[in-house]
Amino acid sequence: MSFSVTVLGTSSALPTSDRFPSAQVVNLSERIFLFDCGEGTQMQLRKFKVRFSRINHIFISHLHADHYLGLFGLLSSFALMGRKHALHIYCVKELKSLIDFQFKYFFDSIGYEIVYHFLPNCSSLIYEDNSVKVSTFILNHRIQCNGFIVEEKPKEKKIRKEFVAEYKPTIKEIVNIKKGDDYVREEGLCISNNEITIEPERPRKYVYCSDTSYIESIIDVIRNADLLYHEATFAAKEQVIATATQHSTTLDAANIASKSNAKTLLIGHFSSRYKKLEPLLDEARSIFPQTILAKEGLRIDL
Ligand SMILES: [Zn+2]
């Protein structure tokens, strides 16, 4: 299964001439999950060639404008494009009334169903299919702010082809071998499971930590992410304003990545005061060397 993340927006609060507000796309073999939907997200989706029709699940971390203002435009475009299939939105319940209010004036009917999944104020599994699950957890911000984890489900062991060709196991035996059983025949032949199977690849994990101050209670929940996105709105010297606005500094993000054993840290949600971002990257790398800067259009394959 392909598993990639594309960054659509990296700016906090105010957009700049080259930085859009928050939005990221997770592509799981052409199933598209959208995380946050700041102003201009639909233009970014077009620019980076994400197919609108593949977007069936949108996750909104919290109700600060730079994380959801683009949603009204995107939903409206879906209607104008003749969308018929349902759209699932994961958000706090207040967002529904904002969307209902908008559409009251736009359309008699938008032509497709919006299925709302209201986010709890605690950790919870919110989506699951055959190969992947999405769960939420709580960050530490001025209003309820949910983080998200997209995680592959553990895959089954694979059985070696040579074994199948030689011994022709039954379907039931194949099922049991994939679960870890040895291969045993009535006449006493026994082949140990590790000789006839190949270990599956480790499940991959992406974590989206939108607006938050430094909070250690998330460390256990987000542990061992292949890719951890963590906001780093401010440089370390702006610690006072970071604390006041319940945002993180570069060092906060790097410490969370280090303590949670992330493979790669992606930092973003940069304050518009920073024209150059390399000093922010250098700060984070002083603690967590495997840090990269979010950039509009950046795609990371997990
Ligand atoms: Zn916020």
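For the condition within 16 Å of the chain's Cα centre (by Cα), within 14 Å of the ligand (Cβ to nearest atom) and either over 19 Å from Ile267 (Cα atoms) or not β-branched (Val, Ile, Thr) (or both), what is the one hit in His67, His57?
Working: His57 fails: within 14 Å of the ligand (Cβ to nearest atom).
Going through His67, His57 in turn, just one is within 16 Å of the chain's Cα centre (by Cα), within 14 Å of the ligand (Cβ to nearest atom) and either over 19 Å from Ile267 (Cα atoms) or not β-branched (Val, Ile, Thr) (or both): His67.
All but one of (1) within 16 Å of the ligand (Cβ to nearest atom); (2) open to solvent by 10 Å² or more (accessible area, probe 1.4 Å); (3) not aliphatic (A, V, I, L, M) hold for Thr233; which doesn't?
Exception for Thr233: condition (2).
Just give me the residues in region 162-182 being surrounded by 12 or more Cβ atoms within 10 Å (Cβ to Cβ) and under 30 Å from Leu302 (Cβ atoms), in sequence order.
Hits for region 162-182 are Ile174, Val175, Ile177, Lys178.
Where in region 203-299 are there helices (runs of 4 or more DSSP H), lying wholly inside it, with at least 3 residues that are under 30 Å from Lys155 (Cβ atoms)? Steps first, answer last, please.
Details: elements: 219-222, 239-245, 250-259, 278-287.
Hits in region 203-299: 219-222, 250-259.
Search region 152-161 for residues being open to solvent by less than 50 Å² (accessible area, probe 1.4 Å) and not in a loop (DSSP other than H, G, I, E, B), and hand back the single one that is nearest to the ligand (Cβ to nearest atom).
Glu152
Just one of Thr245, Thr212 is closer than 26 Å to Ala65 by Cα and open to solvent by less than 20 Å² (accessible area, probe 1.4 Å); which is it? Talk me through it step by step, then tell me what you get.
Working: Thr245 fails: open to solvent by less than 20 Å² (accessible area, probe 1.4 Å).
Only one candidate passes the filter, namely Thr212.
Looking only at region 118-135, decide whether some residue is under 16 Å from Leu74 (Cβ atoms), in contact with a Cys (Cβ under 9 Å, 6 or more places away or on another chain) and more than 16 Å from the ligand (Cβ to nearest atom). First the steps, then the outcome.
The first filter runs over region 118-135 and keeps only residues under 16 Å from Leu74 (Cβ atoms), leaving none.
No, there is no match, as no residue in region 118-135 is under 16 Å from Leu74 (Cβ atoms), in contact with a Cys (Cβ under 9 Å, 6 or more places away or on another chain) and more than 16 Å from the ligand (Cβ to nearest atom).
Determine, yes or no, whether Ala225 is away from the ligand (no atom under 16 Å from the Cβ), open to solvent by less than 10 Å² (accessible area, probe 1.4 Å) and under 27 Å from Ser2 (Cβ atoms). Even if it seems obvious, please write down each step before you answer.
Working: away from the ligand (no atom under 16 Å from the Cβ): yes; open to solvent by less than 10 Å² (accessible area, probe 1.4 Å): yes; under 27 Å from Ser2 (Cβ atoms): yes.
Yes, satisfied.
List pairs: first residue in region 174-202 and of a type in the set (Gly, Ala, Ser), second residue open to solvent by less than 60 Å² (accessible area, probe 1.4 Å) anywhere in the structure, Cβ distance under 7 angstrom, at least six positions apart or on different chains.
Pairs found: Gly180/Asn193.
When you look at Phe270, is it surrounded by 22 or more Cβ atoms within 10 Å (Cβ to Cβ), touching a Lys or Arg at 6+ places or on another chain (Cβ under 8 Å) and closer than 23 Å to Ile222 by Cβ, yes or no? Show your work before the answer.
Numbers: surrounded by 22 or more Cβ atoms within 10 Å (Cβ to Cβ): yes; touching a Lys or Arg at 6+ places or on another chain (Cβ under 8 Å): yes; closer than 23 Å to Ile222 by Cβ: yes.
So Phe270 fits the description; yes.
With the requirement that a residue be at pLDDT below 90 and in a helix (DSSP H, G or I), what does region 179-202 give you?
Selection gives Lys179 alone.
Please work out if Thr243 is among the polar types (S, T, N, Q) and within 19 Å of the chain's Cα centre (by Cα).
On the way: among the polar types (S, T, N, Q): yes; within 19 Å of the chain's Cα centre (by Cα): no.
So Thr243 does not fit the description; no.
Which of the residues belonging to region 124-144 are out of contact with any Leu (no Cβ under 8 Å at 6 or more places or on another chain), surrounded by fewer than 15 Cβ atoms within 10 Å (Cβ to Cβ) and over 21 Å from Leu71 (Cβ atoms)?
Ser124, Leu125, Glu128, Asp129, Asn130
The values are calculated or read from the model by the stated rules, or taken from the named source; none is laboratory data. Here the structure is a predicted model, which means the values were calculated and not measured. Positions of Cβ are backbone-derived with ideal geometry, glycine not excepted, and every protein chain shown enters the neighbour counts. These accessible areas exclude ligands, DNA and RNA; they are computed on the full protein's heavy atoms, side chains included. Shrake-Rupley method; radii C 1.70, N 1.55, O 1.52, S 1.80 Å.
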